[in-house]
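Okay, so here's the structure we're looking at.
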Amino acid sequence: MSLGFWIGLIGATFAIATPLMWASLGNLLNEKSGVMNLGIEGTMYVGAFGGLAIASESGSIWLGLIGAIIFGCLAGLLVAVFTVTMGVNQHVVGIGTTLLLVSACEFVNRLRYGSGSLAKIEKFGDIIDDAGPLSQNWMTYFVFLILAPLMWWTLRSTGFGLRLTAVGEHPEAADVAGINVNRTRYVALVVGGALMALGGAYITLAELGTFTLGIISGRGWVAVALVIFGRWKVWPTVAGAVLFAATDALQLRLAITSTFGAVPNELLIALPYLVVVGALAIWGRKLRYPGAYLKPYRRA
Amino acid sequence: MDTRDDLAKPKYRARRGLFAALAAFLLVLSACGGNSGGSDAAEDTTGGDSSDDSGGADADLPLFYGVFATSLEEPWDGAIHAALSSAAEDGMIEYRHLDGLGTADAMERSLREIATEDKPAVIVGDAFAAEDAVRAVAADFPEIQFAFGSGGGPVAPNFSVFDNWMQDPGYLAGMLAGGTTESNTIGVVGAMPIPEVNRIINGFIEGVAETNPDATVLVSFINSFFDPATAQQAAQAQIDAGADVLFAERDGVIAAAAEAEIPAIGMMVDQSDQAPDFVATSLLWFMRPTIDHLIENVASDTVTSEDLAQFSFLVNGGSAIAPINTDLIDGDLIAKIAERQAEMESGSFETTVNEETPAGSTDVTG
């Protein structure tokens with residue numbers, strides 16, 4: 001393998017990992033509070049579609065980004081109303097939210113734009129040109145260099161982070177200590193929703209500059225698995241996203257070599273999933289879920 | 001923490017009731033998978049009540065019903081819908097449609113309802129995801145002409161099949177790519193290794209061999225019809241491996257080509273609007289000859305079981321390549337392609353139909 005092969009692989013790894021990072025860090029925030037949000041796929045979808053639609057209509061990509069954040073917050077709020085206030089089963093709410101948001105986006109897409117893709121927009125460019133793996137746009141730099149460290153520090157060293165962990169582990173004790181459990185969960189779901197939506201917006205606003213149906217293609221579900229893979233910790237989740245992305249980038253490159261070209265395509269495409277599942281099977285057998293995972297809280 | 005007893009209390013029952021009502025509302029909204037519409041105009045793709053939208057249409061016109069497994073936004077079904085819409089716009093048929101019927105049960109239920117309630121002259125659609133269901137309904141309504149995109153053959157008395165046979169435009173696009181590459185490396189990103197995709201890519205590779213016997217064609221499959229982000233990454237991997245011309249069988253590749261400032265070839269419709277400076281041409285599929293043949297059959301009260309493949313061949317006007325971007329492609333090469341195209345149109349040249357899965361890396365001379 002040439003040097004160019006490895007340089008390309010590293011650059012692609014960062015690009016493929018970026019939407020997974022945004023989404024899995026958003027999901028990590030949700031799950032630390034004890035709420036599983038399976039609305040993640042739909043939230044990414046609404047971020048991708050809503051962000052591009054607003055950017056296209058307004059002519060401003062930054063307004064599109066703000067729109068994606070607002071849609072993500074609203075999606076998180078929807079999940080919060082059902083799971084936190086009403087205490088409804090989190091699996092049902094999450095899957096329902098995904099179905100609703102995906103269908104709503106496709107409905108609006110057809111009403112507004114008919115069949116075919118949206119008008120193309122000028123997407124976010126790379127911060128540095130012709131710099132190999134460093135040629136990435138700001139959303140990649142931001143998620144790796146700012147968001148991940150910030151979330152690690154927030155969860156570990158700030159009052160909010162400690163309250164969030166307390167609420168996710170033992171909401172009764174947190175309540176006794178004066179922490180508003182429901183408010184903390186609302187904040188986690190709304191902020192987490194915004195981050196998930198930004199993961200979707202990355203694909204349309206930074207990667208493609210357009211939208212097509214099915215654009216998220218299961219990345220939300222991968223992000224759910226990555227948080228479990230990372231045992232609800234920031235850096236292991238980041239490592240999982242990078243591992244998945246690196247394997248995906250590798251299989252895309254191996255598939256077009258004469259050596260691996262004869263290997264069944266399905267096997268190569270499954271490689272990143274097999275690696276993550278394999279790693280989970282080896283290191284994840286004694287998972288310790290947040291203490292209040294999936295449990296709605298009601299003051300006795 | 002609530003116990004099960006707590007949750008049985010009136011206040012929780014009220015919340016559950018509210019939830020149930022909201023959930024039902026959300027479910028109804030989100031389950032609106034089958035989008036219906038009726039039109040005698042091409043631009044009406046926005047849904048509506050299929051039984052009423054055709055008001056104003058000439059009652060003497062034969063009713064054609066489009067029944068699609070995917071959304072109309074999917075290019076394959078979109079091409080069929082476009083042809084039916086244009087026939088309606090020309091005043092030749094009354095046209096209604098239903099899309100997003102992704103499962104065999106939804107397809108069968110909808111087909112039976114349409115055949116019973118609307119009694120169309122012809123039902124057109126795609127049967128790939130529900131071959132048995134579609135064929136079972138066709139057998140129960142022998143007076144209705146069924147014409148479906150299918151991997152199988154026709155069935156008497158009323159089930160005809162078609163498919164996109166685009167190996168000829170694939171060949172011409174391959175000639176273009178082979179004559180344009182400077183690195184002798186060309187990339188192709190396809191959906192999945194199925195016969196209708198394979199024969200296009202193999203035709204493309206054959207075309208490359210004519211203009212550049214030293215070339216290597218890299219072929220990636222993303223195993224999805226809708227995943228432009230992965231298609232873009234696959235294209236990027238090919239660019240990293242030296243490809244300097246790309247064939248975008250899937251969406252997402254043109255974005256990668258534009259970023260790398262190299263020529264790309266689009267698919268199904270003219271995609272030059274996606275990157276005017278970098279799209280060299282596109283493969284086009286026209287369903288209109290197939291639809292026109294069905295209209296003729298209806299006019300002569302003929303219900304048949306035919307393989308309609310020939311109507312998608314370039315020689316019959318069923319497929320083509322879009323006008324070539326003269327800013328990107330050399331004039332001599334364009335002339336050479338035009339010469340070959342003329343031979344195809346006259347029937348003196350036929351591209352080999354090869355449905356074998358192409359290798360990830362192919363030296364075109366073997």
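The values are calculated or read from the model by the stated rules, or taken from the named source; none is laboratory data. From a predicted model like this one, the values you see are computed outputs, not experimental measurements. Note that each Cβ is placed from the backbone with ideal geometry, even for glycine, and that neighbours are counted across all protein chains shown.
Of the residues that sit in segment B:186-203 and are of a type outside the set (Val, Ile, Thr) and in contact with a strand residue (DSSP E or B) (Cβ under 6 Å, 6 or more places away or on another chain), which one is surrounded by the fewest Cβ atoms within 10 Å (Cβ to Cβ)?
B:Met192
For segment A:79-106, give me each residue that is within 15 Å of A:Asn27 (Cα to Cα), facing chain B (nearest Cβ under 10 Å) and out of contact with any helix residue (DSSP H, G or I) (no Cβ under 6 Å at 6 or more places or on another chain).
Residue satisfying the conditions is A:Ile95 alone.
Show me the strands (runs of 3 or more DSSP E) found entirely inside segment B:273-366 where at least 3 residues are buried (at least 18 other Cβ atoms within 10 Å of the Cβ).
B:279-285, B:319-321
Can you list the helices (runs of 4 or more DSSP H) found entirely within segment A:66-168 that contain at least 1 residues being more than 22 Å from the chain's Cα centre (by Cα)?
Those helices (runs of 4 or more DSSP H) span A:90-113, A:148-157.
Name the helices (runs of 4 or more DSSP H) wholly within segment A:175-267 that hold at least 2 residues that are among the polar types (S, T, N, Q) and within 14 Å of chain B (Cβ to nearest Cβ)?
Hits in segment A:175-267: A:234-254.
State which residue is nearest to the chain's Cα centre (by Cα) when the search covers only segment A:10-39 and only residues that are aliphatic (A, V, I, L, M) and within 21 Å of B:Pro228 (Cβ to Cβ).
A:Ala23
Only residues that are surrounded by fewer than 24 Cβ atoms within 10 Å (Cβ to Cβ), away from chain B (no Cβ under 13 Å) and outside any helix (DSSP H, G or I): list them for segment A:1-52, please.
A:Met36, A:Leu38
Output the residue which, of all residues in segment B:328-344 that are at pLDDT 95 or above and acidic (Asp, Glu), is farthest from B:Gly149 (Cα to Cα).
B:Asp332
Test of understanding: among B:Ala129, B:Ala147, which residue is in the same structural domain as B:Phe64 (by TED's automatic domain parsing), modelled with pLDDT under 95, of a type outside the set (Asp, Glu) and under 29 Å from B:Arg250 (Cα atoms)?
Result of the check over B:Ala129, B:Ala147: B:Ala129.
Among A:Leu52, A:Leu77, which is the only one that is touching a Leu at 6+ places or on another chain (Cβ under 8 Å) and under 16 Å from A:Ser33 (Cα atoms)?
A:Leu77 is the lone residue from the list that is touching a Leu at 6+ places or on another chain (Cβ under 8 Å) and under 16 Å from A:Ser33 (Cα atoms).
Do the conditions hold for A:Gly114, that is, is it at pLDDT below 95, in contact with a strand residue (DSSP E or B) (Cβ under 9 Å, 6 or more places away or on another chain) and within 11 Å of another protein chain (Cβ to nearest Cβ)?
The answer is no for A:Gly114.
For A:Ser60, work out the one condition from (1) touching a residue at least 12 places away in the same chain (Cβ under 8 Å); (2) over 24 Å from B:Glu73 (Cα atoms) it doesn't fulfil.
The single condition A:Ser60 does not satisfy is (1).
Of the numbered conditions (1) away from chain A (no Cβ under 14 Å); (2) more than 23 Å from the chain's Cα centre (by Cα), B:Thr352 satisfies every one except a single condition; which is it?
Among (1) away from chain A (no Cβ under 14 Å); (2) more than 23 Å from the chain's Cα centre (by Cα), B:Thr352 violates only (2).
For segment B:86-108, give me each residue that is surrounded by 19 or more Cβ atoms within 10 Å (Cβ to Cβ), at pLDDT 95 or above and of a type outside the set (A, V, I, L, M).
Once the filter is applied, which keeps residues that are surrounded by 19 or more Cβ atoms within 10 Å (Cβ to Cβ), at pLDDT 95 or above and of a type outside the set (A, V, I, L, M), segment B:86-108 yields B:Glu94, B:Tyr95, B:Arg96, B:His97.
Yes/no matrix, rows are residues, columns are (1) under 25 Å from A:Trp152 (Cβ atoms); (2) modelled with pLDDT under 95:
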position: A:Met1; (1), (2): no, yes
position: A:Phe5; (1), (2): no, yes
position: A:Ala17; (1), (2): yes, no
position: A:Leu20; (1), (2): yes, no
position: A:Gly26; (1), (2): yes, no
position: A:Val35; (1), (2): yes, no
position: A:Gly39; (1), (2): yes, no
position: A:Ala48; (1), (2): no, no
position: A:Ala75; (1), (2): yes, no
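Looking only at segment B:204-226, which residues are crowded, with 24+ Cβ neighbours inside 10 Å and either within 12 Å of another protein chain (Cβ to nearest Cβ) or in contact with a Cys (Cβ under 8 Å, 6 or more places away or on another chain) (or both)?
B:Val217, B:Leu218, B:Val219, B:Ser220, B:Phe221, B:Ile222
Return the only residue of B:Ala229, B:Ala243 being crowded, with 24+ Cβ neighbours inside 10 Å, within 12 Å of chain A (Cβ to nearest Cβ) and without any contact (Cβ under 8 Å) to a residue 40 or more places away in the chain.
B:Ala229
Looking at (1) in contact with an Asp or Glu (Cβ under 8 Å, 6 or more places away or on another chain); (2) away from chain A (no Cβ under 14 Å); (3) within 25 Å of B:Asp270 (Cα to Cα), which is the one condition that is false for B:Ser71?
(2)
Just need a number here: residues in segment B:165-184 that are in contact with a strand residue (DSSP E or B) (Cβ under 9 Å, 6 or more places away or on another chain), crowded, with 24+ Cβ neighbours inside 10 Å and not acidic (Asp, Glu).
12
Return yes when B:Glu206 is modelled with pLDDT of 95 or more, out of contact with any Phe, Trp or Tyr (no Cβ under 9 Å at 6 or more places or on another chain) and farther than 20 Å from B:Val279 by Cβ and no when it is not.
no
Taking segment B:251-261 only, how many residues are part of a loop (DSSP other than H, G, I, E, B) and out of contact with any Ser or Thr (no Cβ under 9 Å at 6 or more places or on another chain)?
1
Which count do you get for residues in segment A:3-24 that are among the hydrophobic types (A, V, I, L, M, F, W, C), under 16 Å from A:Trp221 (Cβ atoms) and touching a Gly at 6+ places or on another chain (Cβ under 8 Å)?
Qualifying residue count for the region: 4.
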